[in-house]
Amino acid sequence: MRIIKLEEVAELIRPGSTLMIGGFLGVGTPENIIDKLVEKGIRDLVVIGNDTAFEDRGIGKLVKSKLCRKVIVSHIGTNPETQRQMIAGEMEVELVPQGTLAERVRAGGAGLGGILTPTGVGTVVENGKRVIEIDGKKYLLELPIRAEFALIKAKKCDYYGNLVYNLTATNFNPLMALAADTVIVEAEEIVPVGTLPPDEIKTPGILVDYVVVSGVR
């Protein structure tokens, strides 16, 4: 684990990168990292997240700046700009049921070949997917999702990279930390090793590659 500045994060992420970004309507999203990507104008991104938040928050800021080639999310209802770009053909939007999205990310992190779910059987979600019947019940085979980078937000991080999240701001962050080649964390503070209660650590430091501290540029 290395502690770096926001400027170095922007140097790691290239145009065309695939990013998993934690958060639920911007809660638990590394806002400072996103602001730096917007400032640098890093384009053609494929972004995986629960949603596109709002135009002025979370992943929505990347969308509004037209930096995304594609988003894979569970809903876009709170961001009119995402809807506009999708309808205009300016950005590809892949909508995935929320539970399915979480399980596909988990499968990517666990090294599984996919998951079987009844969600979407008999609907447009089924189009182009394998349908597998088990004991007379139909399931869709949903493939795992991985990314080049996971951008996640933590409340606290120690100098080994162990992470603690803040209540519901946990959301997708621990799953995404398992499913990316490089994990970049925005932490509110870094604390000495040994000060984090072991049972509060949700992401072990072995998964973390880089840490930036909120507000430190």
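The numbers here are math on the coordinates, done by the rules we state, and not lab data. This structure is a prediction, so every number in the text was calculated from the model and none was measured. Note that each Cβ is placed from the backbone with ideal geometry, even for glycine, and that neighbours are counted across all protein chains shown.
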5 Å is the cut-off here: which amide hydrogens, built 1.01 Å from N in the peptide plane, fall below it relative to Asn162, excluding neighbours closer than 5 in sequence? Gly205
Quick one: Cα centre-to-centre distance for segment 43-72 and segment 94-168, in angstrom? 19 Å
Note down the nm distance, to one decimal, between modelled labels 7 Å out along Cα→Cβ at Ala88 and at Glu126. 3.6 nm
Tilt of helix 31-40 relative to the longest C-alpha principal axis of the chain, in degrees (0 to 90, nearest 10)? 90 degrees
Measure off 7 Å from each Cα along the Cα-to-Cβ vector at Asn166 and Gln98, then give the distance between these two points in nanometres to one decimal. 2.1 nm
Would you mind ranking Cys157, Cys68 by Cβ crowding within 10 Å, fewest neighbours first? Cys68, Cys157
Net +/- balance of residues flanking Gly23 in space, Cβ distance below 13 Å, scoring K and R +1, D and E -1: 0
15 Å beta-carbon shell around Thr170, net charge (K/R +1, D/E -1): +1
Average Cα contact separation per residue, segment 136-217, under 8 Å, 6 or more apart, as relative contact order %: 36 percent
For a quick check: sort Ile33, Ile134, Ile115 by the number of other beta carbons within 10 angstrom, fewest at the front. Ile134, Ile115, Ile33
Net charge near Lys156 (other residues with Cβ under 13 Å of its Cβ; Lys, Arg +1; Asp, Glu -1) is -2
For segment 155-162, take each phi angle, set θ = phi - 60°, evaluate the Karplus expression 6.51 cos²θ - 1.76 cosθ + 1.60, and give the result in whole Hz per residue in order, putting x for glycine and proline. 6, 9, 9, 9, 6, 9, x, 5
What share of the DSSP beta bridges in segment 90-217 is antiparallel, in percent to the nearest 5? 40 percent
In degrees from 0 to 90, rounded to the nearest 10, what is the angle of the helix 98-110 Cα long axis to the longest principal axis of the chain? 60 degrees
Selected from Asp51, Asp158, Asp135 as most flexible by GNM, with the chain as the system and alpha-carbon contacts under 10 Å: Asp135
Could you go through segment 122-137 in sequence order and give the Karplus-derived ³J(HN,Hα) for each residue, using 6.51 cos²θ - 1.76 cosθ + 1.60 with θ = phi - 60°, rounded to whole Hz, and x for Gly and Pro? x, 10, 5, 4, 6, 4, x, 10, 6, 10, 10, 9, 10, 6, x, 10
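Considering Cα pairs under 8 angstrom that are at least six residues apart, work out the relative contact order of the chain and quote it in whole percent.
23 percent
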